[in-house]
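Written out below as structure tokens is the structure these notes cover.
The values are calculated or read from the model by the stated rules, or taken from the named source; none is laboratory data. All of these numbers come straight from a predicted model, not from anything done at the bench. Virtual Cβ from ideal backbone geometry, glycine too; neighbours counted across all protein chains shown. Accessible surface areas use protein heavy atoms only, side chains included; no ligands, DNA or RNA. Shrake-Rupley method; radii C 1.70, N 1.55, O 1.52, S 1.80 Å.
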Amino acid sequence: MNKWIMTVDDSASVRQMISFTLHEAGYNVIEACDGKDALAKLSNQKVDMVVTDLNMPNMDGIGLIKELRKKTEYRFIPIIMLTTESQIEKKAEGKAAGATGWIVKPFNPEQLLSVTKKVLGC
Amino acid sequence: MLDQHKQAFREEALELLAELESGLLELEKFPEDKALIATIFRALHTIKGSSGMFGYDDISMFTHDIETIFDLVRSGKLTVSKQIIDLTFKSLDYIKAMLDDSSSKKFSELTETKEILHSFRALINSTKSTTPETVTSGTIVQVADTQVTQIYYIHFKPNEDIFLSGTNPLLLLNELEEMGPFYIRSRDIAIPAFTEMNPEKCYTAWDIVLSSNKNINSIKDIFIFVEDDSTLCFTVLSKEGVLISEDAVELFLKETAKLNKLVDNDIISLYVQSQQKKNVDEQHIREADRHKIHHDGEVVSSIRVSAEKIDQLVNLVGELVTLQAQLTQVANETSSAILLAIAESVERITWDLRDSALNIRMLPIGTTFGKFNRLIRDLSKELGKEVELITLGAETELDKTVIEKISDPLIHLLRNSLDHGIETPEVRQLAGKNPVGKVTLKAFQSGGYVVIQIVDDGAGIDKEALRTKAVNLGLLSPETLLSDADTYALMFNPGLSTAKQVTSVSGRGVGMDVVKKAIDNLRGTIEVKSEKGKGSTLSLKIPLTLAIIDGLLIRVQDQFYILPLSSVEECVELTRHDTVMSNQRNLINIRSEIVPYIRLRDFFLIKGERPEIEQVVVVDINGIRVGFVVDTVVGQHQTVLKSLGALYKNVEGISGATILGDGRVALTLDINKIAELQEIEEKSTLV
């Protein structure tokens with residue numbers, strides 16, 4: 001069975017790029033435009049991994065990670081955050097909130113796939 | 001495929017730009033609106049993040065500085081000004097141009113864009129906040145793999161809460177396995193009893209031996225997401241593709257398994273056991289030794305080693321002490337319990353090593369005493385005097401270099417005693433003394449110093465003659481009153497000799513100043529006591545060693561200094577109030593005793609505000625208590641003395657320098673000299 005991955009980003013183009021890349025690699029992808037949207041969509045579909053941007057309106061990435069870690073079914077899933085090189089503190093904050101790892105923007109599809117494989121194992 | 005994404009990005013970016021424009025217009029009206037600023041920042045952030053991903057590097061670079069500006073605004077470090085808004089508007093136009101222009105024109109090289117960036121940077125710099133440094137990419141850093149296959153030993157102990165960050169440690173191990181053939185063993189010693197086990201925690205650690213042609217950095221990269229929270233240690237077991245020793249891997253694993261138990265089991269019980277075993281062992285050794293003595297009748301008790309080797313050892317120990325201080329500092333800063341424990345052990349061993357190494361260089365002073373007997377015998381014959389030399393404390397140990405340097409001054413002082421001190425047998429008999437004069441050479445240890453005394457029962461020093469001579473030479477004005485000690489100190493002035501006639505032995509007035517200089521160079525002091533008709537005593541106080549001393553690290557403003565700890569008696573506080581109470585004179589009342597002090601800040605002319613409460617380090621200088629006022633007393637410091645080099649060797653008041661843990665240099669103070677200089681200065685201001 002194919003794994004489900006959720007991508008959360010307020011930028012449609014980034015979302016599009018991520019879901020295209022992951023889809024091509026054989027994953028099922030759900031898109032969400034911010035933390036709130038993500039939480040709402042996750043109650044319908046269980047995912048195996050989340051890739052989230054940090055800076056988003058309504059609910060940011062850190063808030064989303066914290067919320068997800070409170071839920072039993074998302075306590076141990078890998079969550080990857082997207083950061084820019086200027087967000088060192090954010091990275092630490094995200095890790096403290098329970099993020100598994102990070103990808104620094106800008107990244108290319110290969111990098112995204114290698115990290116996904118790394119934390120999902122397949 | 002990429003074009004399709006590019007198109008999507010372009011559309012999105014144009015949308016964002018429009019949003020930015022309206023946002024900026026709003027901001028012009030409501031420059032304080034936090035939500036508005038956040039929206040603008042986010043839009044910029046998205047443009048920056050996405051543009052880089054779709055090949056618009058120019059936009060990404062250009063937007064970076066604008067984003068920084070709004071980040072500063074967002075955090076309140078910068079306020080919205082017309083300049084910022086104007087500049088941002090201008091840059092939005094350029095971003096639009098960059099988006100539309102599909103040609104690979106370099107916008108970043110246009111003078112206009114450069115100007116904009118320049119203004120933005122000026123703004124950023126004005127807040128003085130440095131832009132954060134670039135983080136290493138979370139994705140795998142490409143490093144050229146070595147062609148040679150290396151054997152690595154990896155110890156990996158994940159943080160107990162590793163599962164809570166969504167990490168599966170087994171995946172990391174799988175990834176590691178892909179690097180090459182590997183051998184793994186898990187450490188399960190930390191797994192608690194079933195009843196106490198929390199299934200959400202990871203208790204296991206792993207030892208891995210991996211043979212791989214990958215670079216060590218590629219292997220470390222596997223753990224990039226967990227390296228901050230986990231215990232990870234990488235060791236290369238092979239050298240140029242060859243194992244260090246044949247069965248190194250197996251042996252290493254066995255050893256680590258043992259070590260593992262040592263570390264994780266109840267360490268105290270093991271310590272107790274080992275102590276008991278040690279005691280038993282020691283008993284065995286003692287018995288064995290006894291046996292040995294009985295059987296062999298001869299045990300090697302010493303070996304001869306060239307002094308060079310020992311000097312090198314002491315130098316190395318000095319370097320180690322400096323390095324150890326650095327380690328301790330780093331350990332304290334990182335506040336990692338494991339590192340701290342290691343740093344403490346290293347410190348203890350380093351100190352022991354230092355003591356042992358310095359001890360090797362220690363020689364009994366008796367080796368020099370030996371040659372004095374002959375000297376006294378020859379001299380007394382030449383001078384027609386009868387003198388007996390008594391040496392005491394020949395077993396007192398002193399650093400070899402110190403002994404070498406002290407020999408000549410001692411010879412000179414002994415000659416002086418014989419020549420000026422001891423009278424001829426006839427004179428002695430007339431004075432009712434034993435016709436045979438007595439010179440006692442006595443050495444004993446006192447704190448960090450060795451005191452060498454030359455006591456004679458001769459005529460004593462003629463204070464008046466010394467004084468007259470000094471006045472005649474113009475060293476002293478006739479009306480100056482001098483204490484006994486000061487009067488005797490006159491004899492260390494060059495050109496001064498009270499000998500009525502010049503003999504081959506002494507009396508030319510050269511020598512005592514040379515003696516004084518030699519003792520000064522050893523950071524020692526000379527004290528003279530004398531009683532007319534009864535004899536005189538010269539006491540030399542020499543520090544035990546010249547290489548490493550225990551120092552007290554102190555700070556004045558941002559300068560660090562070292563005081564020799566052996567002289568320090570106590571540290572007290574000095575408040576502004578105290579200063580006022582003593583009528584601005586440099587005196588402090590310590591338990592109803594008046595102690596003069598020297599403010600190092602003034603002495604070294606250090607600029608800056610004095611702290612409200614200063615510290616006074618009270619030291620003993622030749623029996624007189626003197627305070628040194630400093631800003632802060634940092635604490636004890638193992639001081640490896642380094643010379644200041646040829647250019648600064650004549651700087652008075654500073655005897656050398658040492659390197660602190662963080663690489664800074666601290667000057668070691670020559671407290672005797674400073675007190676002396678201060679005294680001279682104060683006297684001159686009084687006149």
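Interface size, chains B and A: roughly 3600 Å² of accessible area buried, both sides included, 1.4 Å probe, rounded to the nearest 100. Cross-link reach is defined here as a Cα-Cα straight distance under 16 Å, omitting same-chain residues fewer than 8 places apart; for residue B:529 the lysines meeting it are B:442, B:463, B:516, B:541. The mean sequence separation of alpha-carbon pairs under 8 Å and at least six residues apart, normalised by the residue count of the range B:548-686, gives a relative contact order of 28 percent. Note: relative contact order over the range B:403-463, using C-alpha pairs below 8 Å and six or more positions apart, is 32 percent. Residue A:41 exposes around 70 Å² of accessible area when a 1.4 Å probe is run over every protein chain in place. Per residue of A:69-79, other chain Cβ atoms within 10 Å of the residue Cβ number 2 on average. For the range B:2-126, the solvent-accessible area works out to 49 Å² per residue, with a probe of 1.4 Å and every protein chain left in place.
When the accessible area of the range B:306-364 is computed with all protein chains present and a 1.4 Å probe, what percentage of it is carbon and sulfur? Provide the component values of the computation, followed by the final result.
Working: 2220 of 3620 Å².
On the range B:306-364, the fraction of accessible area on carbon and sulfur atoms equals 61 percent.
Between residue B:557 and B:631, the built amide H atoms are under 5 Å apart, and every one of these is 5 or more places off in sequence or on another chain. Out of all DSSP beta bridges with both ends in the range B:387-450, state the antiparallel percent to the nearest 5. Counting DSSP beta bridges with both partners in the range B:387-450, the antiparallel share is about 25 percent. With contacts taken as Cα pairs under 8 Å and at least 6 residues apart, chain A reaches a relative contact order of 23 percent. The heavy atoms of residue A:81 present about 0 square angstrom of accessible area, all protein chains included, probe 1.4 Å.
Going highest first, how would you order B:214-227, B:81-94 by mean Cβ packing within 10 Å?
Values: B:214-227: 18.5, B:81-94: 16.2.
Going by the mean number of other Cβ atoms within 10 Å, highest first, we get B:214-227, B:81-94.
How much of the accessible area of chain A, in percent, comes from carbon and sulfur atoms when a 1.4 Å probe is used? Reported share for carbon and sulfur atoms: 52 percent.
Computed on protein heavy atoms with a 1.4 Å probe, the accessible areas place A:122, B:202 in the order A:122, B:202, largest first.
Once you reduce the range A:1-70 and the range B:586-644 to the center of their Cα atoms, the two points are 65 Å from each other. The figure for residue B:555 is an accessible area of roughly 80 square angstrom, using a 1.4 Å probe on the protein chains alone. Each peptide in B:599-611, A:87-99 gets a packing score, the mean of other Cβ atoms within 10 Å over its residues, and the list from highest to lowest is A:87-99, B:599-611. Across the range A:32-45, computed HN-Hα scalar couplings (Karplus, 6.51 cos²θ - 1.76 cosθ + 1.60, θ = phi - 60°) run 9, 9, 7, x, 5, 4, 4, 4, 5, 6, 5, 6, 8, 10 Hz from first to last residue, x flagging Gly and Pro. Using the Karplus relation 6.51 cos²θ - 1.76 cosθ + 1.60 with θ = phi - 60°, the per-residue 3J(HN,Hα) values for the range B:618-633 come to 8, 10, 9, 10, 6, x, 10, 7, 10, x, 10, 8, 10, 6, 9, 9 Hz, with x marking Gly and Pro. Computed over the Cα atoms of the range B:365-543, pair by distinct pair, the Kirkwood hydrodynamic radius stands at 16.7 angstrom.
Each DSSP beta bridge with both residues in the range B:548-686 is either parallel or antiparallel, and the antiparallel ones are about 90%.
Of the residues making up the range B:37-74, those losing 50 Å² or more of accessible area when the isolated chain is joined by the remaining protein chains, with a 1.4 Å probe, are B:42, B:45, B:53. Starting from the Kirkwood radius over alpha-carbon pairs of the range B:2-126, derive D by Stokes-Einstein at 37 °C in a medium of 0.692 mPa s and give it in µm² s⁻¹. Estimated diffusion coefficient is 225 µm²/s.
Of all lysines in the structure, those lying under 29 Å Cα to Cα from residue B:77, and not within fewer than 8 positions of it along the same chain, are A:66, A:90, A:91, A:95, A:105, B:29, B:34, B:48, B:90, B:96, B:114, B:128.
With the biggest extent put first, the Cα atoms of the range A:4-120 measure 35, 31, 25 Å across the principal axes. If R0 is 30 Å, what FRET efficiency do you get for residue B:404 and residue B:625 from their C-beta distance, rounded to 0.05? The calculated FRET efficiency here is 0.35.
Given the range B:306-364, what whole percent of its Cα pairs are spread farther than 16 Å? That fraction is 49 percent.
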